[in-house]
Amino acid sequence: MDNTLNIPFNTKKLLLLLVGSVLFVVGGIFFIIEPENFTHSHRRYSPEKIVFIGISSILFFGLIGILIIKKLIKNKPALTINTKGIIDKSNASSIGFIKWEDIKKISNTDKFISIKLKNPNHYISQIKNPFLKQLVKANYRFSGSLVNITKASLKTDPNEVIKIRQEKLDSTKN
């Protein structure tokens, strides 16, 4: 019997985010092509600032769009729960595999499932990518938890996920 539970991404929300990213990229292109058209109503912005905003929009939302497309193409689960632990791939700052015995507390807020770890520095030290490491550290400083899963990104009812996780966590303590 397989005790693995795979929880997919909410594909509809990913597609909406992709459409939003594309719209911001298109808007950025218009800012670059015709910056003068956007300076009349906002006289405080020079054409050079409008071009800079356009380039920034294309780079940022283009990257977001690429990441969303990769998630949609790979079609891998956002979360995998099994007897050994969980594999979190739900967002850009996900740290991957977490053993059940390393979890101290699971919290449920309106928008997030937060998992506090017994030794978060151990997980941070395992991250090789310096950008990701800084992102995870910032997330940890800001939220007080190394693992924060946005409920809206999951296709499954988040309360069911919490219930399953808590049962797994309780079974490892016995």
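Side notes on the structure shown:
- Selected residue [open to solvent by 60 Å² or more (accessible area, probe 1.4 Å), within 26 Å of residue 156 (Cβ to Cβ), out of contact with any helix residue (DSSP H, G or I) (no Cβ under 7 Å at 6 or more places or on another chain) and in a helix (DSSP H, G or I)] from 67, 132, 63, 59: 67
- When residue 40 is tested against the conditions (1) farther than 24 Å from residue 117 by Cβ; (2) open to solvent by 60 Å² or more (accessible area, probe 1.4 Å); (3) assigned to a helix (DSSP H, G or I), the lone failure is (3).
- Flag if residue 118 is more than 23 Å from residue 12 (Cβ to Cβ), charged (D, E, K, R) and open to solvent by 20 Å² or more (accessible area, probe 1.4 Å): yes
- Matching residues, the stretch 99-114, being in contact (Cβ under 8 Å) with a residue 40 or more places away in the chain, surrounded by 17 or more Cβ atoms within 10 Å (Cβ to Cβ) and within 14 Å of residue 148 (Cα to Cα): 103, 106, 113
- The stretch 1-37, residues that are over 22 Å from residue 155 (Cβ atoms), modelled with pLDDT under 90 and open to solvent by less than 30 Å² (accessible area, probe 1.4 Å): 35
- Filtered by the rule that a residue be part of a helix (DSSP H, G or I) and open to solvent by 50 Å² or more (accessible area, probe 1.4 Å), the stretch 43-55 gives 48, 49, 52, 53, 55.
The values are calculated or read from the model by the stated rules, or taken from the named source; none is laboratory data. Here the structure is a predicted model, which means the values were calculated and not measured. Cβ: placed from backbone, ideal geometry, glycine included. Neighbour counts: every protein chain shown. Ligands, DNA and RNA are excluded from the accessible area calculation, which covers all protein heavy atoms including side chains. Shrake-Rupley method; radii C 1.70, N 1.55, O 1.52, S 1.80 Å.
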